[in-house]
Each structure stands twice: as structure tokens, then as C-alpha cells.
Amino acid sequence: MTQANNTRLGILLMIATCLVFAVQDGISRHLAAEYNTLMVVMIRYWFFASFVIAISARRSGGLKAVSTTNQPLLQVFRGTLLAAEICVMVYAFTVVGLIESLAVFTVYPLLVAALSGPVLGEFVGWRRYAAIGVGFVGVLIILEPGVGVFDPAAIIPFCSALMFALYGLLTRYAARQDSAATSFFWTGVTGAVMMTAIGIWAWEPMTARDWIWMGCLCLTGAFGHWLLIKCYEVAEASAVQPFAYLQFVFVSIIGLTVFGETLRTNVAIGAGLIVAAGLFALWRERLSS
């Protein structure tokens with residue numbers, strides 16, 4: 001078993017990544033409940049951009065080589081879209097809760113599959129379209145649009161999932177000309193510039209204790225991305241991707257134990273359908289590749 005294809009290590013790294021990102025989500029929920037979401041995401045991006053620049057500077061050719069691209073508008077749009085998606089998702093944590101937000105967000109791989117045909121021209125067979133349909137049934141079960149008075153806030157995490165799916169598709173499109181390192185660089189730097197431009201106006205004084213939490217948020221963000229990079233370095237993405245759904249499990253534990261949230265039956269059933277549909281779509285993709 002070589003370092004370039006160490007599936008067992010890749011799975012362990014993906015599980016660790018999910019745990020770190022779940023902790024990051026919990027910290028984001030706490031800070032966004034106390035302070036303006038734009039400010040929280042802005043500070044997070046400052047650290048993230050510093051991390052990206054430091055990683056990029058160590059690569060062959062340095063920052064100049066990594067930042068060179070023939071599609072700057074696409075890269076800027078990608079970075080801006082991801083920053084906006086993070087803002088939407090963090091806001092969803094405060095109005096919908098961690099558990100229900102992540103339950104709906106797990107539909108994003110199915111959205112990627114659904115949009116890969118019209119956006120990238122990829123072939124999507126009827127079986128994967130059926131899985132996508134099952135996933136959307138799961139979303140409807142979670143949202144309960146026909147039960148009582150529908151809460152429009154429940155749409156917020158779905159919008160975040162749609163934005164993240166589009167970001168993923170644009171990343172795949174950008175990869176036709178740019179390396180992963182180049183896309184990573186533009187993601188961090190563009191997001192930091194965008195968030196500074198809009199977030200600086202939402203600045204609020206922060207307590208010393210919450211500055212500690214902010215430091216933890218920045219560290220978990222950088223550490224999570226580092227783990228994810230290492231994960232994809234040692235194992236194929238298709239082998240480790242199913243374990244990414246564990247983030248919902250970890251987030252649910254944090255939501256239940258730390259924030260006193262509840263895991264409603266319809267949310268558990270809907271999330272189960274979404275995960276099952278996502279795993280089936282991934283399996284079909286592996287068979288057709």
C-alpha cells in the first residue's frame with residue numbers, strides 16, 4: 001500500500017476532517033448568535049487567506065506561479081460565491097439550528113449531480129436522476145411544507161446547499177485549465193477581499209472570551225482544510241467521499257449536547273433518505289467512470 005493510494009489513511013483523515021468541520025460549525029453558531037455574521041466570516045477569512053498564502057508560497061514557483069490563471073473572472077466569481085455561501089450557512093445556524101441546517105445541506109452532492117449535465121455537459125443517467133428525486137423527497141420531509149405554517153427560514157440552508165453545489169461545479173470547470181493549488185489560492189484571497197469590503201462595516205466589539213473562540217474558529221478552519229488536502233493526497237476522492245456524511249452525525253451530537261437542539265423524527269428520516277440517495281448516486285458515478 002503506497003502513500004499515494006492509502007485508502008485506510010484517507011478514510012481516517014476524512015473522518016477527522018468531518019469532526020473538525022463540525023466543531024467549526026458549532027463555534028460559528030455560537031459567535032454568529034452573539035455578533036454580526038459578516039464580521040465573524042470576515043475574521044475567519046483573514047486567517048484562511050493567510051493560511052492559503054503561506055501554503056502557496058511554499059510551492060514550486062512561489063506565489064506568482066500559483067496565482068497565475070487564464071480565467072481570473074471565473075476564479076473571482078468562485079471565491080465570491082463560496083464566501084457568500086458561508087455567510088448564508090452560518091446565518092442559517094442561528095435561525096434554523098445546526099442539526100436541521102446540516103440535514104438540508106447534505107443534499108448538495110445531489111445538486112451537483114443534477115446540475116453537472118446542464119452546466120458541465122456531463123452525462124447523468126436515469127438512475128442518478130432517480131436518486132436525486134429521492135434526495136429532494138428527503139428535503140421536503142425535513143422542511144414539512146404542508147404541515148402547519150411553513151417557516152420560510154427553512155429555505156436558507158437549501159439556498160446554501162445550492163450555492164455550494166454551483167461552487168463545486170465551477171471548481172470542476174476551472175480545473176480544466178487551472179491546478180487545484182491555483183483554485184485554492186484564489187478561493188482564499190478573493191473571499192478575504194470580498195468579506196473585508198462588506199464585513200468591516202459590521203464590526204462590533206468582542207469580549208476577550210469570544211476572541212478565544214474566534215481564534216479556535218480560525219484554527220479549526222485552517223486545520224480542517226489541511227486535513228482535507230492530505231486526505232485527497234493519499235486516497236481517491238471516490239473512496240473517501242461517503243464518509244463525508246459523518247459531518248452531519250458529529251454536528252447533530254454538538255447540536256444536541258451543547259446547544260440543546262432536538263433531532264425531530266422527520267429530520268432524521270429526511271436526512272437518512274438524502275444520505276442514502278447521495279451514496280447511491282456516488283456509487284453509480286463510480287460505475288460509469
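The values are calculated or read from the model by the stated rules, or taken from the named source; none is laboratory data. The model shown is predicted, which means the values in this text are computed figures rather than measured ones. Ideal geometry is used to build each Cβ from the backbone, glycine not excepted, and the neighbour counts take in all protein chains shown. Only protein heavy atoms, including side chains, enter the accessible area calculation; ligands, DNA and RNA are left aside. Shrake-Rupley method; radii C 1.70, N 1.55, O 1.52, S 1.80 Å.
So if I average 1/r over every pair of distinct C-alpha atoms in the chain and take the inverse, what Kirkwood radius in Å does that give? Mind dumping the intermediate values first?
Numbers: mean 1/r = 0.0507 Å⁻¹.
Roughly 19.7 Å, rounded to one decimal.
Classify region 45-99 as rounded, prolate or oblate, taking a ≥ b ≥ c as the square roots of the eigenvalues of its Cα gyration tensor: rounded when a/c is under 1.5, otherwise prolate if a/b is larger than b/c and oblate if not.
Numbers: a/c = 4.59, a/b = 2.00, b/c = 2.30.
Oblate is the answer for region 45-99, as a/c is 1.5 or above yet b/c matches or exceeds a/b.
Solvent-accessible surface of region 154-289, averaged per residue with a 1.4 angstrom probe and all protein chains in place: 50 square angstrom. Of all the C-alpha pairs in region 160-289, what % are more than 19 Å from each other? Tail of the P(r) past 19 Å holds 69 percent of the pairs. Across region 175-230, Cα-Cα pairs farther apart than 15 Å form 68% of the total.
If r is the Cβ-Cβ distance from T262 to A239 and R0 is 30 Å, what FRET efficiency results, to the nearest 0.05?
The value I calculate is 0.30.
If you roll a 1.4 Å probe over region 152-278 with all protein chains in place, what percent of the accessible area is carbon or sulfur? Solvent-exposed carbon and sulfur of region 152-278 make up 74 percent of the total. Computed extension length for A54-C216: 56.4 nm, one decimal, from 0.36 nm per residue of separation with the Cα-Cα distance subtracted. Using a cut-off of under 13 Å, list every residue of region 189-217 whose amide N is near the label point 7 Å from the Cα of N36 along the Cα-to-beta-carbon line. Once the point is set 7 Å along Cα→Cβ of N36, 195-206 turn out to lie under 13 Å by backbone N, inside region 189-217.
Each peptide in 22-28, 48-54 receives the mean, over its residues, of other Cβ atoms within 10 Å, and ordering these scores from highest gives 22-28, 48-54. Sorted from longest to shortest, the spans of the Cα atoms of region 1-146 along the three principal axes equal 55, 45, 38 Å.
Say R0 is 45 Å: what FRET efficiency, to the nearest 0.05, do E204 and R127 get from their beta-carbon distance?
Values: r = 50 Å, r/R0 = 1.11.
Between E204 and R127 the formula returns 0.35.
Computed over the chain, the per-residue total of -39500 (n - 2.57) for DSSP H runs of n ≥ 4 gives a 222 nm mean residue ellipticity of -26000 deg cm²/dmol, rounded to 500.
When only DSSP loop residues count, what trypsin sites (Lys or Arg not before Pro) in region 18-122 have their Cβ near at most 11 other Cβ atoms within 10 Å?
Working: sites: R29, R44, R58, R59, K64, R78; in loops: R58, R59.
Loop-located and lightly packed - R58.
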